[in-house]
Amino acid sequence: MSTEYDVIIIGGAFSGSSEGILLKRARPETRVLIVETQTTFTLHGGESTSAVAGCFLTRVLRQHSWLVRHQLPQHGLRFWFNSQGKYEYMGDLELMWAATLLDLGTYFTGPVHSVYHRTDHAFSKLPHLGLRGLFFGWWMGLSHRRLAAIARRRMAAGVYGCRNLDQRKLIQPDFTPGPAAVKIIWAGLQQWLKLEIHAWFLKPRPDHKPTIPALKRVAPPPPTSSTPAST
């Protein structure tokens with residue numbers, strides 16, 4: 001057994017084991033040691049498992065087959081909008097802070113605002129219908145795509161997530177439908193602009209390799225033609 005490692009991860013629960021899997025997948029030659037008191041993985045999927053965590057477990061970690069064998073899935077018709085590269089910037093605090101401010105402000109200025117003021121009418125329609133909804137849906141998609149592009153530039157330059165430690169973010173004032181939500185959008189725009197300017201001056205490292213491949217939609221298999229058995 002080797003006693004020399006490139007990376008040592010303290011704790012083999014959800015975060016530690018996920019980090020080990022992604023690291024070995026991106027760089028198979030890396031020697032990784034996970035220090036954990038338990039001898040088996042004790043993850044239990046249940047009511048507390050959020051939809052985002054479910055997407056991460058199945059689409060990023062590719063643990064769908066293990067989950068359906070060992071866990072009880074929740075069934076229901078629940079879908080997410082196109083992520084627009086959301087998973088590419090979720091590991092960088094500065095990018096996530098910009099996305100949080102923009103999403104909260106846009107959401108409370110758009111869909112939630114109409115629910116508060118025209119409750120019966122708003123609940124009878126999907127949140128992104130109509131001119132107002134289409135505009136906010138387009139705006140949220142644009143911001144997600146740009147933040148994902150910045151995330152890729154940061155990964156290439158080796159500065160992705162470099163300022164994650166010792167940070168504390170607090171939204172002030174509280175987000176409510178009305179003028180306060182516009183202030184949150186303005187704060188998100190300032191953060192977004194700062195990140196865009198910083199990304200202009202980034203240069204990729206010579207040894208850069210993509211660490212998180214872009215998620216691609218999987219086309220459904222073509223229908224198989226079958227001839228009914230003659231009776």
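Nothing in this text is a laboratory measurement; each read-out follows from the coordinates by a stated rule. No experiment lies behind these values; they were computed from the predicted model shown. For neighbour counting, all protein chains shown are included, and Cβ atoms are generated from backbone atoms with ideal geometry for every residue, glycine included.
A compact table of results
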item: Likely footprinting exposure, Phe135, Phe56, fewest C-beta neighbours within 10 Å first; result: Phe135, Phe56
item: Exposure proxy order (Cβ contacts within 10 Å, fewest to most) of Ile150, Ile10, Ile171; result: Ile10, Ile171, Ile150
item: Among the listed pairs Lys169/Lys203; Lys183/Lys203; Lys24/Lys86; Lys24/Lys169, those beyond 24 Å (Cα-Cα); result: Lys169/Lys203; Lys183/Lys203; Lys24/Lys169
